[in-house]
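For reference, the structure is listed below as structure tokens.
Rule-based calculations on the coordinates, nothing more; no lab input. A quick note: this is a predicted structure, and the numbers were derived from the prediction, not measured. Ideal geometry is used to build each Cβ from the backbone, glycine not excepted, and the neighbour counts take in all protein chains shown.
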Amino acid sequence: MKRYVPDLMSLQRTCEVNYMALMKLLPPGGSVGAERRYQVGNGLQFQLTVSEESRFTSQVILAQHNPELPSYLQARIEIRLYHDVRMAEVCAAQQISMLQPRYDYPNQKMHHRDEKEQVNLFLADWLRFCLKHGTSLINIL
């Protein structure tokens, strides 16, 4: 089986697009603890929370809230924003933290070979969906 080699240009493009979209969705000011919720359809909410802030980076948590789904099926993604290079990278998704650029396959935890790329693409899809269909309920500062 041929070894998977990440396409760094594609990943970088995705991270740059994600950064631009997140900057539109984040609460103004972006201080630690700031939140913004988006309503999408009936009963489905997404919440963006700024969890860390430093000079060149921020950490944001994206959490899905849907009372009809069990908690293990609701998305929870930690995203690091690199302000100096204008990129956003998924750091953790669901129970997976410290995502590797590639995984050998098969592996014990059954990660996809391109798990990091897939979660960043998932974030891009979610951001497009939220920008197109989401309405902000309130800003909590």
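Using alpha carbons only, how many degrees (0 to 90, rounded to 10) separate the axis of helix 8-25 from the longest principal axis of the chain?
Long axis of 8-25 versus the principal axis of the chain: about 10 degrees.
Work through the residues other than E89 whose Cβ is under 9 Å from its Cβ and net out their charges, Lys, Arg +1 and Asp, Glu -1. Please report the intermediate quantities before stating the final value.
Values: positive: R80, K116; negative: none.
Its environment carries a net charge of +2.
Over the chain, what is the mean sequence separation of C-alpha contacts under 8 Å (at least six apart), divided by residue count, expressed as relative contact order in percent?
Numbers: 242 pairs, mean separation 38.5, N = 141.
Computed value for the chain: 27 percent relative contact order.
Using only the alpha-carbon atoms of segment 1-94 as identical scatterers, what base-10 log of I(q)/I(0) does the Debye formula give at q = 0.19, 0.21 Å⁻¹?
Taking Cα atoms of segment 1-94 as identical point scatterers yields -0.93, -1.06.
Please count, across the chain, the pairs of lysine residues with Cα atoms under 26 Å apart that sit 8 or more places apart or on different chains.
On the way: K2/K109; K2/K116; K24/K116; K24/K132; K116/K132.
Step by step, the pairs that qualify in the chain add up to 5.
Against the longest principal axis of the chain, how steep is helix 115-133, in degrees 0 to 90 to the nearest 10, with axes from Cα atoms?
Orientation of helix 115-133: about 30 degrees from the principal axis.
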